Structure formats: C-alpha cells, structure tokens
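The values are calculated or read from the model by the stated rules, or taken from the named source; none is laboratory data. From a predicted model like this one, the values you see are computed outputs, not experimental measurements. Cβ sites come from the backbone with ideal geometry, for glycine too, and all protein chains shown count toward neighbours.
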Amino acid sequence: MSDQMTRITLARRPEGTPVPEDFGLETGPLPEVADGEMLVAVEVFSLDPYMRGRMNAVKSYAAATEIGDTMTAQGVGRVLVSKAEGFAEGDMVMGTTGWASHAVLKATEALKWDNGLPPSTALGVLGMPGFTAWTGLREYGRPKAGETLVIAAATGPVGAMVGQLAKAAGLRTVAVAGGADKCALAREKFGFDAAVDHRAYDDASSLRKALAEACPDGVDIYWENVGGKVLEAVIPLMNDHGRVPICGTIAWYSGVDGDTDRLPMVWRSMLTKRLSVNGFIIFDHWGGYRDFLTEVAPKVASGEITYLEDVTEGLENAPEAFISMLSGGNMGKTLVRLA
Ligand SMILES: NC(=O)c1ccc[n+]([C@@H]2O[C@H](COP(=O)([O-])OP(=O)(O)OC[C@H]3O[C@@H](n4cnc5c(N)ncnc54)[C@H](OP(=O)(O)O)[C@@H]3O)[C@@H](O)[C@H]2O)c1
C-alpha cells in the first residue's frame, strides 16, 4: 500500500471559465484515521457542475472551497483501514472523498456499496444526480400523462434520468442538447420524443421557434438545468399552471454576459402564466435517498433505466475533464477513474 496521497487542490479562484492553472496537484503522507473513521483508496470520483460554484468565495448553500483545499467530490473506493464499526477492510464505500487518491471517511457519512451494481453508478444514475432528478420531478415537476416536459443538458445524468422518468409517466419529452450527436443520443438512448440542438441557434427567439415546433401543445414542465438562452426561449412557450423546477443554471456558473436585461420579460411571464417555480437543493432531501435506491436500483439492474458514463483516466487529468464538462464536452456522467 502506498504511504502517499495525491490530491487536486484549488490553487486560485477562477475568473470566468476555469483554466488548468486554477488547480494544483499535491502529494503528501496518508492522513491519520481516528475512531469511527476509515481510510479509503479512491477508485472513481464524480465531477459535477456544482463544484464550479464552490470555487468562488461567495456565500451559498454550501461553504466555498478554500485556496489550497482539496477540490470537493463524491467518490467510491475500497476501505484500506477501518476504525469504524460496520466497515471492514475491502468494503466498497461511497462518500465525500474529494479529488484525491485517498480519503478519510466518517462511518456516519459513508454508504457501503454492496448491491452488485458497478460502483460508478453510485455517483451518477444511482447517485446524487439521479436522486436529484427523481426527487425534483416528483416534488416540483408533478408530471401528468399527456403533458410536455422540456429539459436541457438532456444527456447528462440529471437530464437523462428526468427524461426517462417523465417518458415512463406518459409525458412527451423534449431534449435540448449541444450538438447533433447529443441530440441523437437523447432520442435513441434516453427515449426523448424530440431533441433540439441549442448550438444551432444564435439567439433565444430562433431557438424558441424550433422548440415551439417540438412542443405543439406547449410546455407544462420546464426542468431548469441551464438558464441563459434556453430559459429565455422556453418560458414564453409555457402553458398556464406550468411548473419550473429550478435545478441548475450552468450557463451562468462562470459569470453572466449580456442577457440580464431580458430578466424582466422572463420574470413577468412567471406571473402572467401563474407558474410554480421552485428552487431546490438536493442536499435538503437526503432522507429520501434509500427510497430512491429501493425504487430505481432494480430498474437500472434490469436495464429499464439506462445510463452513460464519460470516464477520464488519472487524477491529474481531472481539471481538464471538469473544464470540458462545464462547456458540454462530456457525453454522459463525468467521472475520473484512478489507476
Ligand atoms: N439543485 C440540485 O441539487 C442539483 C443537483 C445536481 C445537479 N444540479 C444541476 O443540474 C444541471 C445538470 O447537471 P448534470 O450533472 O446532469 O450535468 P451534465 O449534463 O453532465 O453537464 C453539464 C451540461 O450542461 C450543458 N451546458 C453547459 N453550458 C450550457 C449552456 N450555456 N447552455 C445550455 N447547456 C449548457 C452541457 O450539455 P450540452 O452540451 O447538451 O449543452 C453540459 O454537458 C447543472 O446545472 C447542475 O448544477 C443541481
């Protein structure tokens, strides 16, 4: 067993879109393990859009990552040393590992992954993104058969799960995705009824025309993943009493350029269409995670719910993979596998 730990740190706060120099690579001794804790050799960790927000020194629903700290992430790995009741050497566990080769996890914050499904699924289809989709659609989307749902970032882990659950509930599902390949993926793998390439339209009004064709009966649920041009295009297409679960606004995570003046128009539509707009953060809902696993894990095991992973090999390549994912370079759930 190596006595060294390698980790990716936040070297400085990004200005706009992150660049590789914003990250550091550090090696040091393995951390100590206290009672109630375990040392884990990380096998795979998750790269998620929310991590961009943690790089800023602003107050949000979670504390910012400090300069020099390990970048935050959920990961899965094998227990090397356990001083925690119920966890033994060799167990596969999920927890907040960070972008690192090793992590010390508290027993109270770790979940044993022993359901026979690939450990990587604990980070995507059966992890935080899949759970976000399942929770948000039930609680805030409130889908009814025959309705139309629109979602962008449709081939990512949140979008793919929302699309499949909504389709199974009898909705017309319309994907917004970046590029022809992702649109084909949305239709062919994730079962969307239609897919619109947001990169093919320069402005919100031309994107809106394409979306109007894909949504002949209007839009009942706009699952907000991205903000920006897509938000502006969709809101005027909403039907009365439509629902807008606000899950993410990735178009604005590295800054807002130019389109703030259109906010009043969007906001007014919220009023005139009597929309239900709910911001939500999945960390408030963790109590339901086991119910989610009970319902959805068998569907993943049987193939009824499908998923796609985009795996980068090597800790040192995590920053490039993260930067690429933020601008749509990923095909499926972004993961980093350690050698
Ligand atoms: N509220 C919560 O608790 C919660 C939990 C999990 C995730 N989220 C949010 O859910 C959203 C999706 O997360 P994910 O993990 O499934 O991400 P993801 O789809 O794997 O990756 C992000 C995707 O966003 C799209 N994108 C980036 N910039 C865009 C832009 N300007 N306009 C349109 N699309 C853009 C890209 O897809 P295309 O190439 O297809 O455009 C990119 O692949 C994110 O906003 C995330 O922050 C929120």
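Some notes on this structure:
- Count of the stretch 25-62 residues, restricted to those that are more than 16 Å from the ligand (Cβ to nearest atom) and either under 17 Å from Arg7 (Cα atoms) or outside any strand (DSSP E or B) (or both), is 19.
- Number of positions in the stretch 304-339 that are surrounded by 18 or more Cβ atoms within 10 Å (Cβ to Cβ) and either more than 20 Å from the chain's Cα centre (by Cα) or under 21 Å from Leu137 (Cβ atoms) (or both): 5
- Taken across the stretch 241-262, residues that are closer than 26 Å to Val219 by Cβ, at pLDDT 95 or above and surrounded by fewer than 13 Cβ atoms within 10 Å (Cβ to Cβ) do not occur at all.
- Output for the stretch 324-339, where each listed residue is part of a helix (DSSP H, G or I) and either small (Gly, Ala, Ser) or more than 24 Å from His102 (Cβ to Cβ) (or both): Ser324, Leu326
- Set Val277, Val311: member being among the aliphatic types (A, V, I, L, M) and touching a Lys or Arg at 6+ places or on another chain (Cβ under 6 Å): Val311
- Residue pairs meeting the criteria (Cβ under 9 Å; at least 6 apart or on separate chains; first within 11 Å of Asp217 (Cβ to Cβ) and touching a residue at least 24 places away in the same chain (Cβ under 8 Å), in the stretch 145-157; second of a type in the set (Gly, Ala, Ser) and more than 6 Å from the ligand (Cβ to nearest atom)): Gly146/Gly170; Glu147/Ala166; Glu147/Ala169; Glu147/Gly170; Glu147/Gly242; Thr148/Ala214; Thr148/Gly218
A quick yes/no check of all residues on (1) more than 10 Å from the ligand (Cβ to nearest atom); (2) of a type in the set (D, E, K, R); (3) in the same structural domain as Lys229 (by TED's automatic domain parsing):
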residue: Arg138; (1), (2), (3): yes, yes, yes
residue: Lys144; (1), (2), (3): yes, yes, yes
residue: Ala154; (1), (2), (3): no, no, yes
residue: Ala166; (1), (2), (3): yes, no, yes
residue: Asp181; (1), (2), (3): no, yes, yes
residue: Ala200; (1), (2), (3): yes, no, yes
residue: Ala204; (1), (2), (3): yes, no, yes
residue: Lys209; (1), (2), (3): yes, yes, yes
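- Selection within the stretch 179-220 - crowded, with 20+ Cβ neighbours inside 10 Å and either closer than 16 Å to Trp267 by Cα or at pLDDT below 95 (or both): Ala204
- Scanning the stretch 287-339 for residues that are farther than 25 Å from Trp113 by Cα and among the hydroxyl-bearing types (Ser, Thr, Tyr), we see that the one that is farthest from the ligand (Cβ to nearest atom) is Ser324.
- Condition check for Ala301: surrounded by 18 or more Cβ atoms within 10 Å (Cβ to Cβ) and at pLDDT 95 or above: no
- Residue satisfying all of: in the stretch 223-240; surrounded by fewer than 21 Cβ atoms within 10 Å (Cβ to Cβ) and assigned to a strand (DSSP E or B); farthest from the ligand (Cβ to nearest atom) among these: Asp240
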